[in-house]
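**Student:** One structure is given below, represented as structure tokens, and several questions about it will come after.
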Amino acid sequence: PPRSTLFPYTTLFRSLEVTPVVLRLPVLLVGTVSVWLFFVILDRTVGRRAAIAGALLLATDASFVIATVYDFGPVVFLHCFLLAGVLLLLNFERSGASKYLALAFFVFGLALWHKALFIWMFDGLAVAAVCVFPRRVKALFTPRRFVLATVSLCAGALPLIYYNVVT
């Protein structure tokens, strides 16, 4: 893989013997954070019982576990960034604090920078939000918030934007 893809592992590779545990444990921990984020999102939106059931189902889902344990980063980080962004958007929706909106779109930008295929997840999230919650999205949408979200997304994706402009 390109050197930038291995960046999180550079320190591990320099200080530890490269073993399956050194390769797999960091992404397994990120996958664990994803399960926790999923639990928190469900707990805040549909209740504790559904959150427990959903987190258990996700943690035992074969495709999620395999993608998490045998992936070297892109998929597991995309899941984590998506869930973190959704949780931040929930915080924004409940509090109205622009910092949560900015952080959510910054995290989405990081996901785009990490792997541009995140655009499919991001587009799906946006279409679903507009289709399922059209009144709430319309009530929260203002030109100022749109600019803030766009700038934050671009800030998170700045390396990707820079690379595409330069090349």
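**Student:** Quick one: which of 26-33, 41-48, 80-87 comes out on top by average Cβ neighbours within 10 Å, and what's the full order, highest first? Mind dumping the intermediate values first?
**Tutor:** Working: 26-33: 17.1, 41-48: 14.1, 80-87: 22.2.
Packing order, densest peptide first, comes out as 80-87, 26-33, 41-48.
**Student:** Just how much of GLU17 is accessible, in Å², when a 1.4 Å probe is used and the result is rounded to the nearest 10?
**Tutor:** Accessible area of GLU17: about 140 Å².
**Student:** Sticking with this structure for a sec: Translational diffusion coefficient of the stretch 21-72 at 37 °C, 0.692 mPa s, Stokes-Einstein with Kirkwood Rh over Cα pairs, in µm²/s as a whole number.
**Tutor:** In µm²/s, the coefficient is 291.
**Student:** Using a probe of 1.4 angstrom, how much of the accessible area of the stretch 1-158 is carbon and sulfur, in percent? Each step should come with its number before you reach the end.
**Tutor:** Numbers: 7190 of 9740 Å².
Using a 1.4 Å probe with all protein chains present, the stretch 1-158 comes out at 74 percent carbon and sulfur.
**Student:** Let me ask something additional. Might you tell me the accessible area per residue for the chain, computed with a 1.4 Å probe and given in Å²?
**Tutor:** 64 Å²
**Student:** Find the relative contact order for the stretch 14-91 and round it to a whole percent, using C-alpha pairs within less than 8 Å whose residues are 6+ positions apart.
**Tutor:** On the way: 66 pairs, mean separation 31.6, N = 78.
It rounds to 40 percent for the stretch 14-91.
**Student:** Excluding ligands and nucleic acids, what accessible area in Å² is computed for HIS79 using a 1.4 Å probe, to the nearest 10?
**Tutor:** Its heavy atoms expose roughly 50 Å² to the probe.
**Student:** Rank these by accessible area, largest first, 1.4 Å probe: LYS99, LYS115. It would help to have the intermediate numbers written out before the result.
**Tutor:** Working: LYS99 125, LYS115 75 Å².
Of LYS99, LYS115, the descending order of accessible area is LYS99, LYS115.
**Student:** Distance in nm between label sites at CYS131 and ILE66, each 7 Å beyond Cα in the beta-carbon direction?
**Tutor:** Label-label distance for CYS131 and ILE66, simple model: 2.7 nm.
**Student:** While we're here: Specify whether the C-alpha gyration tensor of the stretch 40-167 places it in the rounded, prolate or oblate class, a ≥ b ≥ c being the square roots of the eigenvalues: rounded for a/c under 1.5, otherwise prolate if a/b is larger than b/c and oblate if not.
**Tutor:** oblate
**Student:** Distance between the C-alpha centers of the stretch 127-152 and the stretch 40-110? Whole Å please.
**Tutor:** Their Cα centres are 19 Å away from one another.
The values are calculated or read from the model by the stated rules, or taken from the named source; none is laboratory data. Source: prediction; values computed, not measured. Note that each Cβ is placed from the backbone with ideal geometry, even for glycine, and that neighbours are counted across all protein chains shown. For the accessible areas, the whole protein counts, side chains as well, though only heavy atoms, and no ligand, DNA or RNA atoms are used. Shrake-Rupley method; radii C 1.70, N 1.55, O 1.52, S 1.80 Å.
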